[in-house]
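Data first, discussion second: the structure below is written as structure tokens.
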Amino acid sequence: MKKNYICKRNKRIISSVFTSIIISSKMALSRIVYYDVLNIISCMAVVILHSNGYIHEFIKDDYWGIHVAIDTLFFFAVPVFFMLSGANLFNYRKKYSTKVFINKRLKKTFLPFLFWSLFFFITFIIIHWDNETKLLTWRKIIQIIVTGKIPLTNYWFFIPLFFLYIFMPFISLMIGAMNTRQISYLCMLLVLFQSIIPTLLFSLGVYEELPLPLNSYFLYALLGYFFSIKDIEKNKPFMTILCSTAIISLAIRFLLNYNSDVKNESLFNYFGLYSLLPSCSIFLIVKSYFTQDSIISRNCKRIISFLAPKSFGVFLIHTFIIRLLANINGFDMSYVWFIPVAFFVSYSSSVIIVHLLQKNNITKHIVP
């Protein structure tokens, strides 16, 4: 009887998943397909990076090259997420008011972030009650909240994202008053002073950031918006140069990381050319391919429209699943085979969990 019950329950879950794929495909026409593809790719890249956490221990063993290669290839994840934020939100005034924008951001990002932060914080306290939690002071707790370094998570990403949202009403006014050429000039200035010059200084052994009036991830948000309104991917000479330099920058970062005796934080900075060039290349390549509607199959659209709305929820919970796997006897993050296993298990199980939570009228609000 128990086996029959489990089989029936599994069939219901599988049936529910496929039904959602079919329903989601009907909504695909109202979505920008290449946004969804970039969303999915970036989400998967984040899960792979976190499955490759051994890279941050900087213990060079026989598989060190594989760890470095994975980190190098999938380092684009965070920049592309910010590029999507800019592409989606810089022109929000054309779609709805600032009040609606604020309400949407609160419901879709801040409240889920708050819920899962509390959930994982409490879980951490319960698990480590006799050890690390005794060292928690109110100052430490404030520091954890301000930096987004919630235990059992990788939520630091939300802090710069929330600041981008806070300034978005003013940024949107500024961008709305600029023409395409002015936006391109601003992009070039930021790339020059936030990426090219710091990278050159880094190559000379100088580790300093320039005090720019516009800084941080605004660079990627602006580039994402510019790429979304300008068909720059159709410029073949530009794309050839961009992709070629991106490959060269990846190779240089791999060699520097692989041969370094100590961990160099500058090589894990998201604003170096080794991060900016590949991220821009991936954004434009995906845009070029997935705006050609005729070559995208119906089944492909169904899968895309099903997975894309799950990405934010996957990002919220996947790290905890990876940590659970790492604590199982026989599993060790230092083993190279842990990476594909952790990626497959954490991503697929996160998608299923998020899907089930989204089906419920109450829990859908914590994984929008």
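The values are calculated or read from the model by the stated rules, or taken from the named source; none is laboratory data. These numbers come from a predicted model, not from an experiment. Heads up, the Cβs are rebuilt from the backbone with ideal geometry, glycines too, and the neighbour counts pull from every protein chain shown. Please note that ligands, DNA and RNA were not included when accessible areas were found on the heavy atoms of the full protein model with its side chains. Shrake-Rupley method; radii C 1.70, N 1.55, O 1.52, S 1.80 Å.
Points worth noting:
- In Å, descending, principal axis extents of the Cα set of the chain: 68, 51, 43
- Estimated 222 nm signal from helices in the chain, with DSSP H stretches of n ≥ 4 weighted -39500 (n - 2.57), rounded to 500: -21500 deg cm²/dmol
- Surface composition of the chain: carbon and sulfur make up 67 percent of the accessible area, probe 1.4 Å.
- Taking all protein chains as shown and a probe of 1.4 angstrom, R93 keeps an accessible surface of around 110 Å².
- Reducing region 164-222 and region 308-329 to their Cα centroids gives an inter-centroid distance of 32 Å.
- Net +/- balance of residues flanking H67 in space, Cβ distance below 15 Å, scoring K and R +1, D and E -1: -2
- Global form of region 23-128, assessed from the alpha-carbon gyration tensor, a/c cut-off 1.5: oblate
- In region 139-288, inverting the average of 1/r over every pair of distinct C-alpha atoms gives 17.3 Å as the Kirkwood radius.
- In the full protein context, the chain carries 55 Å² of accessible surface per residue, based on a 1.4 Å probe and ignoring ligands, DNA and RNA.
- Whether region 243-284 is rounded, prolate or oblate, judged on the alpha carbon gyration tensor where a/c under 1.5 counts as rounded: oblate
- In region 56-104, the chymotrypsin sites (Phe, Trp or Tyr not before Pro) that fall in loop regions by DSSP, at most 16 other Cβ within 10 Å: F58, Y63, Y96
- Probe 1.4 Å - accessible area at H355, Å² to nearest ten: 10 Å²
- Area of D61 that stays accessible when all protein chains are in place (1.4 Å probe, Å², to 10): 60 Å²
- Take each peptide in 169-180, 266-277, count the other Cβ atoms within 10 Å of every residue, and average; sorted highest first, the result is 266-277, 169-180.
- Calculated over region 224-352: convex hull of Cα atoms, volume per residue (Å³): 163 Å³
- Axial C-alpha extent at least 15 Å, average Kyte-Doolittle at least 0.0 - helices from the chain (DSSP): 33-51, 77-89, 111-127, 158-176, 180-191, 218-229, 236-259, 273-290, 311-326, 338-359
- Across the chain, C-alpha contacts under 8 Å between residues 6 or more apart give a mean separation that, scaled by the residue count, equals a relative contact order of 33 percent.
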